[in-house]
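First the structure, in the form of structure tokens, and then the observations on it.
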Amino acid sequence: MPQANQKLSNLQVLLIALLALLIPVAWIEWRVLHYTHGVMAYPLDDTFIHMAIAKNLLVNHVWGITKFGFESASSSPFYTVLMTGLFKIFGVHTVIPLIINIIAGMLFLWAAQRWLQRQGLSTLSQLIILLLVNFLTPLPLLVISGMEHTFQLLFCFLFIIAVADVVEKLPAAPGSAPVAAAPAAPGSPPHTFLRLLYSLYLFGALMVATRYECLSILGLGCLLLFIRGWRWPAISVGAVGVLPIFIFGLYAMSKGSYFMPNSVLLKSSVPTSAHGLVQFLAEDLWFKLFFSPRDYNFLAAQRLLLLLPLFYLLFLPRVRERAGYRYMLIILMGATLAHIAFAYPSRFPRYEDYLVGCSVTLMGAMVAKYYRELPMIRIKGGEWIAVAVLIILLIPLFIRSEKVFRKAKQYCVNVYEQQYQLSQFVHTYYDSTPVAFNDIGAISFYSRGDKLDLWGLASVEVAKSKRQHYFSPALLDSLTHEHGVRLAILFDTWFDPALLHRWTKVASWHNQNNVILGDDSVSFFSIEAADTTVLRKNLEEYETRLPKGVGVSYY
């Protein structure tokens with residue numbers, strides 16, 4: 001369609017898409033800030049983990065949630081380093097994660113529209129696809145999370161389309177020749193080859209350094225390039241892609257930690273023994289693939305594993321003709337399978353969002369370009385049948401987005417009422433005192449004392465005990481004494497009563513309408529009986545500062 005005949009310009013499409021992102025973000029944040037009286041609250045305590053490490057790295061030059069030693073608690077080296085740099089430039093402000101996520105979300109929409117333009121889509125098609133991507137991902141929720149997942153979506157999309165560009169613009173494979181000697185495809189100047197190769201280097205390294213699960217996308221992209229004949233480029237792209245996390249892994253090991261971050265090791269479903277591998281293949285994997293989970297976030301990934309192969313088959317002639325689309329579909333199918341097999345389920349939409357955003361963009365482009373070629377379209381009323389089938393298949397994604405948008409404010413309110421209040425209590429009365437806990441973000445960011453993470457995401461002693469199967473109440477109790485802990489703040493239901501009975505339970509805070517917290521109630525324990533009276537006095541004094549939605553019980 002000629003540009004003059006289009007009702008919308010490309011710029012107008014982008015502006016509408018950006019508004020569709022920014023208006024929900026502004027609305028959610030305004031409601032949250034009104035409730036919190038201006039306190040910046042995020043829907044996840046994990047956001048404060050990045051900020052705590054970044055702040056500590058900037059001030060004390062130690063990678064950890066405290067200044068007392070290295071702690072591999074961040075699963076995103078890139079995001080933590082980025083946060084440290086921004087804290088250095090602009091100061092330590094809690095609004096920075098929101099701002100940079102807004103920028104990353106806007107960049108993704110801009111990159112997606114640029115790619116849709118290159119596919120020859122009308123501006124109306126571009127707008128519909130971008131709005132669907134914005135809602136189904138859902139991109140506004142990623143932005144308000146203040147986490148690295150918006151960057152993960154951006155870098156994964158850029159890497160995948162870079163792979164597609166290589167196979168479409170450089171169809172003549174150079175074999176196993178070195179990069180310097182690799183000839184460009186006929187009609188393609190050498191600088192085109194180098195530009196595409198550098199894009200793969202850059203986006204491959206960025207996406208893996210942003211989230212470790214992007215290794216599946218990197219591996220699949222390199223494997224497909226290798227099979228196509230681009231052997232040396234495939235190997236070099238893979239090597240450069242893993243280089244950042246390889247360097248970080250060696251650094252972590254030099255500090256006595258694991259090669260992978262604790263969170264990656266403890267949250268993933270990767271088997272650690274021969275027996276575990278057999279059980280995983282015989283039971284766990286099949287259950288994850290074919291049985292509906294309790295939450296719509298994991299179901300969204302399951303549905304992608306149905307939709308992506310279906311699109312491959314429905315548009316098979318075009319997929320055979322367009323190597324770029326074929327490779328993009330294969331990479332996304334493989335990454336989705338890996339996600340279902342190994343990912344940790346979450347009540348907040350984040351782990352699978354990069355797959356949803358990339359897949360909806362690709363599938364939307366294929367429908368817009370080729371839907372008239374579908375066999376059922378030739379039947380009378382076939383267009384409506386096709387639309388109805390597509391809507392039915394996408395229902396889990398729509399329900400998922402509707403649910404999380406409805407709970408968006410409450411996510412942040414929960415964290416403000418529990419994790420933020422805990423951090424302020426510790427900051428007020430135990431700022432330099434060693435504390436044991438299981439949710440490590442806000443408390444670490446707002447206080448300076450030593451911290452013992454009894455769940456293991458930060459404390460390597462606990463992580464090792466879980467990995468090597470000697471995690472026990474006696475071990476945790478001994479670690480609290482080794483660290484000089486005076487106060488433990490825990491979810492009772494997460495720990496063996498045999499551990500909790502060793503200490504004195506003083507009080508519990510109870511939250512209403514919990515949609516994201518690890519438990520409705522969090523309890524305070526005095527490690528030494530002599531500290532009980534002071535702890536109770538401090539809790540009673542702080543109770544007057546608690547939001548109305550928080551109840552208190554004393555024991």
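The values are calculated or read from the model by the stated rules, or taken from the named source; none is laboratory data. Just so it is clear, the model here is predicted, and its values are computed rather than measured. Backbone-built Cβ (ideal geometry, glycine too); neighbour counts: all protein chains shown.
Check LEU142, LEU130 and return the single one that is more than 20 Å from the chain's Cα centre (by Cα), crowded, with 24+ Cβ neighbours inside 10 Å, assigned to a helix (DSSP H, G or I) and at pLDDT 95 or above.
LEU130
On the given criteria, is ILE245 modelled with pLDDT of 95 or more, closer than 25 Å to ARG195 by Cα and aliphatic (A, V, I, L, M)?
Answer is yes for this residue.
Does region 413-426 contain any residue that is over 30 Å from THR480 (Cα atoms), in the same structural domain as TYR470 (by TED's automatic domain parsing) and in contact (Cβ under 8 Å) with a residue 12 or more places away in the chain?
The answer is yes; a qualifying residue exists.
Going through region 82-100 one residue at a time, which ones are buried (at least 24 other Cβ atoms within 10 Å of the Cβ) and in contact (Cβ under 8 Å) with a residue 40 or more places away in the chain?
PRO97
Mind checking which residues of region 493-513 are closer than 25 Å to VAL415 by Cα and part of a loop (DSSP other than H, G, I, E, B)?
Correct list: PHE495, ASP496, GLN512, ASN513.
Would you mention how many residues in region 238-271 are assigned to a helix (DSSP H, G or I), farther than 11 Å from SER75 by Cα and among the polar types (S, T, N, Q)?
Of the residues in that region, 1 qualify.
Of all residues in region 58-81, how many are assigned to a helix (DSSP H, G or I) and buried (at least 20 other Cβ atoms within 10 Å of the Cβ)?
So the answer is 4.
Looking at LEU374, LEU422, can you tell me which residue is within 30 Å of the chain's Cα centre (by Cα) and aliphatic (A, V, I, L, M)?
Within the list LEU374, LEU422, the selection yields LEU422.
If we keep just the residues of region 190-246 that are in contact (Cβ under 8 Å) with a residue 24 or more places away in the chain and among the basic types (Lys, Arg), which is nearest to MET260 (Cα to Cα)?
ARG211
Might you check whether a residue that is buried (at least 20 other Cβ atoms within 10 Å of the Cβ), in a helix (DSSP H, G or I) and without any contact (Cβ under 8 Å) to a residue 24 or more places away in the chain occurs anywhere in region 308-323?
yes
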